[in-house]
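Below is one structure; the comments refer to it alone.
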Amino acid sequence: MRFRFSSVPLLSALALAAAGAAVLPATAQNGDPIAERQQVMKDVGRQSRTLNQMVKGEAPFDAAAAVAAFQAMNQDAQRFGTLFPEGSETGGNTEASPDIWTNRSEFQEHLDKFAADTAAAAAAAPQDVAALSEQFRVVGGNCRSCHEDFRVDN
């Protein structure tokens, strides 16, 4: 008896495994919210660089890669707020401002806006550099304003 299989399920399984491996570094450090949030910020930075390179023409425009970057940023945004529990204000070379804990509602507003804007950018699925540039400007503005209000330099 010969078995025939389609490469589509195999490729899908490999893609899911790779996606799971991509989040492993952030979740492998359970119990260390400072390290986890730093890992999430590194991921957001990687996604931002991908988008920025396309906007600047340093990399070819790739609609699928742009959507994937916005989706990854949105996934990070969804869990980022949980990584600032009481007791994680200091240590681990954190750059988190004490204002996160004293003004939690404003911090949460920043996170909610970032999540909404990254979701909207992914849903809009930019089809050219001009559209990507506009969406990236909005998303990048979220990063900038949150860093200005809730980040301290070490």
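The values are calculated or read from the model by the stated rules, or taken from the named source; none is laboratory data. These numbers come from a predicted model, not from an experiment. Note that we place each Cβ from the backbone using ideal geometry, even for glycine, and neighbour counts take in every protein chain shown.
Going residue by residue through segment 132-146, is there one that turns out to be aromatic (F, W, Y) and free of Cβ contacts under 8 Å to residues at least 60 places away in the same chain? Looking for residues that are aromatic (F, W, Y) and free of Cβ contacts under 8 Å to residues at least 60 places away in the same chain, one finds none in segment 132-146, hence no. Contact map, segment 77-95: first residue assigned to a helix (DSSP H, G or I), second residue among the basic types (K, R), Cβ cut-off under 8 Å, separation 6 or more or different chains; pairs are F80/R37; L83/R37. Cβ separations smaller than 9 Å between residues 6+ apart or across chains give the following pairs from segment 31-42 residues that are polar (S, T, N, Q) and surrounded by 18 or more Cβ atoms within 10 Å (Cβ to Cβ) to residues that are part of a helix (DSSP H, G or I) and modelled with pLDDT under 95: Q39/P25; Q39/A26; Q39/T27.
Which one is surrounded by the fewest Cβ atoms within 10 Å (Cβ to Cβ) among residues in segment 43-67 that are in contact (Cβ under 8 Å) with a residue 24 or more places away in the chain and of a type in the set (A, V, I, L, M, F, W, C)? The selected residue is A63. The single condition from (1) modelled with pLDDT under 95; (2) within 17 Å of the chain's Cα centre (by Cα); (3) over 12 Å from F150 (Cβ atoms) that G81 fails is (3).
Please state which one of E58, E134, E95 is of a type in the set (D, E) and within 29 Å of G31 (Cα to Cα).
Working: E58 fails: within 29 Å of G31 (Cα to Cα); E134 fails: within 29 Å of G31 (Cα to Cα).
The match here is E95.
Please state which one of A131, A69, A64, A121 is of a type in the set (A, V, I, L, M), assigned to a helix (DSSP H, G or I) and under 12 Å from the mean Cα position of the chain (by Cα). First the steps, then the outcome.
Numbers: A131 fails: under 12 Å from the mean Cα position of the chain (by Cα); A64 fails: under 12 Å from the mean Cα position of the chain (by Cα); A121 fails: under 12 Å from the mean Cα position of the chain (by Cα).
None of the other options fit; the residue is A69.
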